Amino acid sequence: MIRAAFETVFSYAPAVSGFTPGRVNLIGEHLDYNGGMVLPMALGLGVTIALAPRTDSQINIASNSFDGIAKRTLTDTAEDHWSDYVTGAVIFAQQADLLSAGADVYVTSTLPHGAGLSSSAAIIVGVLKLAAQLSQSQLSPTDIAILSRKVENDFIGVPCGIMDQMAVAIAKPGQALALNTQDLSYQTVDLPSGCHMAVIHSGHGRQLNEGRYKERADECAAAKTLLGRDDLCHARLADLNILEGAVMRRARHCVTEHVRTVDAVSALREGDMEMFGALMNESHVSMRDDFEMSIPEIDALVSSAVTCGALGARLTGGGFGGCIVACVEHTHLDAWTEALTAAHPKAYRVG
Ligand code: GLA
């Protein structure tokens with residue numbers, strides 16, 4: 001399919017192609033730039049990319065989601081266009097000697113747009129993986145994730161952490177990644193067979209580069225400066241007494257969310273999904289009250305998700321809209337989805 005689509009647009013066959021999943025974060029929000037533990041899970045939805053190297057500096061990009069071919073070059077900067085992610089990835093791949101020049105690229109995606117399920121990380125990681133494969137480079141998935149984050153931070157201009165790139169570079173669909181963001185050590189954890197992590201889009205969009213993500217990152221940086229430490233997650237609650245107001249609440253979220261995430265990883269390993277669900281619920285309260293990253297419509301959706309029978313539910317991702325994730329027993333999944341979406345007509349299940 002993807003190879004045929006590439007060939008239709010570019011009139012020759014691609015050199016390489018492959019799938020990269022999107023991700024949903026199960027717990028551990030806004031901890032990846034504060035030295036904490038995070039637990040994202042790779043989705044069955046994702047992006048499929050076909051690529052062929054070029055000998056000139058052109059980067060030609062086509063997608064099933066957009067009309068026409070975006071014609072970019074190796075000297076471009078980001079211009080707030082859908083083709084920026086591929087462009088940035090090709091430029092960084094070329095600078096890292098994974099490509100000798102530009103490339104022709106075709107992208108298809110099954111991830112809903114702007115849902116916060118890391119389609120941007122999947123595109124960037126996907127392109128870099130293919131370029132690494134072409135050049136027979138020895139880069140590890142962690143190296144690819146680090147380079148992908150640089151594309152987001154330095155080319156796109158989004159000040160994100162490393163969670164999304166690590167999740168989509170390493171985890172297989174349906175697998176969770178217990179990731180220590182201090183040293184990037186990780187373990188994959190399989191979900192117990194009786195439970196599903198349902199992803200529900202609230203119907204309210206989100207934008208990471210809108211400024212509120214950066215505002216939270218800046219507040220965390222202020223807390224770190226006042227505490228004289230370079231991570232927040234391993235501080236003690238008593239240490240936070242010297243902080244005040246919003247900065248204290250942001251730091252408190254990081255400290256308590258880290259402990260919850262460590263506990264959630266143990267609960268998942270032991271198959272204790274009642275405990276896992278309870279930790280998800282506590283996480284939502286902390287995101288709502290301390291990190292102040294929720295919106296009333298998401299709070300209502302999370303509350304209904306639990307009332308309708310989920311073991312736990314919470315906002316997921318960067319915040320201020322987007323998706324919730326809920327832990328639901330397989331036997332209840334259809335009835336639960338129906339009840340929830342009947343009560344929230346704008347919401348819909350994406351995974
Ligand atoms: C976005 C960022 C991640 C992470 C989450 C919040 O998805 O890309 O790095 O900070 O928000 O947990």
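Every residue, every condition in (1) under 22 Å from Ala115 (Cβ atoms); (2) in contact with a strand residue (DSSP E or B) (Cβ under 6 Å, 6 or more places away or on another chain); (3) buried (at least 23 other Cβ atoms within 10 Å of the Cβ); (4) of a type outside the set (Ser, Thr, Tyr), yes or no:
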site: Leu237; (1), (2), (3), (4): no, no, no, yes
site: Met248; (1), (2), (3), (4): no, no, no, yes
site: Asp263; (1), (2), (3), (4): no, no, no, yes
site: Glu292; (1), (2), (3), (4): yes, no, no, yes
site: Cys327; (1), (2), (3), (4): yes, yes, yes, yes
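Run Val38 past the list (1) among the β-branched types (Val, Ile, Thr); (2) more than 16 Å from the ligand (Cβ to nearest atom); (3) surrounded by 24 or more Cβ atoms within 10 Å (Cβ to Cβ) and report the number of the one that doesn't hold.
Of (1) among the β-branched types (Val, Ile, Thr); (2) more than 16 Å from the ligand (Cβ to nearest atom); (3) surrounded by 24 or more Cβ atoms within 10 Å (Cβ to Cβ), only one is false for Val38: (2).
In this structure, is Ala96 touching a residue at least 24 places away in the same chain (Cβ under 8 Å), more than 16 Å from the ligand (Cβ to nearest atom) and among the aliphatic types (A, V, I, L, M)? Working first, answer last.
Details: touching a residue at least 24 places away in the same chain (Cβ under 8 Å): yes; more than 16 Å from the ligand (Cβ to nearest atom): yes; among the aliphatic types (A, V, I, L, M): yes.
So Ala96 fits the description; yes.
Consider the range 151-185. How many of its residues are over 15 Å from the mean Cα position of the chain (by Cα) and either over 18 Å from Leu31 (Cβ atoms) or assigned by TED's automatic domain parsing to the domain that holds Asp231 (or both)?
Going residue by residue through the range 151-185, those that are over 15 Å from the mean Cα position of the chain (by Cα) are 154-157, 180, 182-185.
Narrowing further to those that are either over 18 Å from Leu31 (Cβ atoms) or assigned by TED's automatic domain parsing to the domain that holds Asp231 (or both): 154-157.
The number of residues fulfilling the criteria is 4.
Where residues in the range 182-195 are away from the ligand (no atom under 16 Å from the Cβ) and assigned to a loop (DSSP other than H, G, I, E, B), which of them is surrounded by the most Cβ atoms within 10 Å (Cβ to Cβ)? Please lay out each step first, then the result.
If we filter the range 182-195 for residues that are away from the ligand (no atom under 16 Å from the Cβ), which is where we start, we get 183, 185, 187-195.
Checking which are assigned to a loop (DSSP other than H, G, I, E, B) leaves us with 183, 185, 191-194.
Numbers: Asp183: 8, Ser185: 10, Leu191: 18, Pro192: 16, Ser193: 8, Gly194: 10.
Across the range 182-195, the extreme among qualifying residues is Leu191.
Residues checked against (1) within 16 Å of the ligand (Cβ to nearest atom); (2) polar (S, T, N, Q):
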residue: Arg54; (1), (2): no, no
residue: Thr75; (1), (2): no, yes
residue: Asp80; (1), (2): no, no
residue: His113; (1), (2): yes, no
residue: Leu139; (1), (2): no, no
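With the structure loaded, tell me whether Ala89 is under 30 Å from Val189 (Cα atoms), assigned by TED's automatic domain parsing to the domain that holds Ile162, touching a residue at least 60 places away in the same chain (Cβ under 8 Å) and touching a strand residue (DSSP E or B) at 6+ places or on another chain (Cβ under 7 Å) or whether it fails that test. Let's see the steps before the verdict.
Working: under 30 Å from Val189 (Cα atoms): yes; assigned by TED's automatic domain parsing to the domain that holds Ile162: yes; touching a residue at least 60 places away in the same chain (Cβ under 8 Å): yes; touching a strand residue (DSSP E or B) at 6+ places or on another chain (Cβ under 7 Å): no.
Considered against the rule, which asks whether it is under 30 Å from Val189 (Cα atoms), assigned by TED's automatic domain parsing to the domain that holds Ile162, touching a residue at least 60 places away in the same chain (Cβ under 8 Å) and touching a strand residue (DSSP E or B) at 6+ places or on another chain (Cβ under 7 Å), Ala89 comes out as no.
Just to be sure before I move on: is Lys71 more than 16 Å from the ligand (Cβ to nearest atom) and surrounded by fewer than 24 Cβ atoms within 10 Å (Cβ to Cβ) in the structure I sent? Break it down stepwise before answering.
Working: more than 16 Å from the ligand (Cβ to nearest atom): yes; surrounded by fewer than 24 Cβ atoms within 10 Å (Cβ to Cβ): yes.
When the stated conditions are applied, Lys71 passes them.
List pairs: first residue in the range 242-254 and hydrophobic (A, V, I, L, M, F, W, C), second residue open to solvent by less than 30 Å² (accessible area, probe 1.4 Å) and assigned to a helix (DSSP H, G or I) anywhere in the structure, Cβ distance under 7 angstrom, at least six positions apart or on different chains.
Leu243/Ala223; Leu243/Ala251; Val247/Ala223; Met248/Leu240; Ala251/Ala223; Ala251/Leu240; Cys254/Cys220
Among the residues of the range 196-229, write down those that are farther than 18 Å from Gly36 by Cα and open to solvent by less than 20 Å² (accessible area, probe 1.4 Å).
Met197, Ala198, Val199, Ile200, His201, Ser202
Restricting attention to the range 105-114, and to residues there that are at pLDDT 95 or above and of a type in the set (A, V, I, L, M, F, W, C), which single residue is surrounded by the fewest Cβ atoms within 10 Å (Cβ to Cβ)? So that I can check it myself, show each step before the final result.
Within the range 105-114, the first condition is being at pLDDT 95 or above, and the residues that meet it are 105-110.
Next cut, of a type in the set (A, V, I, L, M, F, W, C) only: 105, 107.
Numbers: Val105: 30, Val107: 27.
Looking at residues that are at pLDDT 95 or above and of a type in the set (A, V, I, L, M, F, W, C), I get Val107.
Does any residue in the range 217-241 that is outside the structural domain of Gly36 (by TED's automatic domain parsing) and closer than 14 Å to Glu257 by Cα come within less than 8 Å, Cβ to Cβ, of a residue that is assigned to a helix (DSSP H, G or I) and open to solvent by 20 Å² or more (accessible area, probe 1.4 Å) six or more places away or on a different chain, and which pairs are these?
Pairs found: Asp231/Lys224; Leu232/Lys224; Cys233/His258; His234/His258; Ala235/Leu227; Leu237/Arg252; Leu237/Thr256.
Scan Ile170, Ile146, Ile200, Ile123 and give me the residue that is away from the ligand (no atom under 16 Å from the Cβ) and among the aliphatic types (A, V, I, L, M).
On the way: Ile170 fails: away from the ligand (no atom under 16 Å from the Cβ); Ile146 fails: away from the ligand (no atom under 16 Å from the Cβ); Ile123 fails: away from the ligand (no atom under 16 Å from the Cβ).
Result of the check over Ile170, Ile146, Ile200, Ile123: Ile200.
Quickly run through the range 115-154 and pick out the residues that are open to solvent by 30 Å² or more (accessible area, probe 1.4 Å) and in a loop (DSSP other than H, G, I, E, B).
Scanning the range 115-154 gives Ser135, Gln136, Ser137, Gln138, Leu139, Ser140.
Checking Leu179 against (1) in contact with a strand residue (DSSP E or B) (Cβ under 9 Å, 6 or more places away or on another chain); (2) part of a loop (DSSP other than H, G, I, E, B); (3) within 14 Å of the ligand (Cβ to nearest atom); (4) of a type outside the set (Gly, Ala, Ser), which test does it fail?
Just one mismatch for Leu179, condition (2).
The values are calculated or read from the model by the stated rules, or taken from the named source; none is laboratory data. Here the structure is a predicted model, which means the values were calculated and not measured. In this analysis, Cβ positions are derived from the backbone assuming ideal geometry, glycine residues included, and neighbour counts consider all displayed protein chains. We work out accessible area using only protein heavy atoms, side chains counted, and drop any ligands, DNA or RNA first. Shrake-Rupley method; radii C 1.70, N 1.55, O 1.52, S 1.80 Å.
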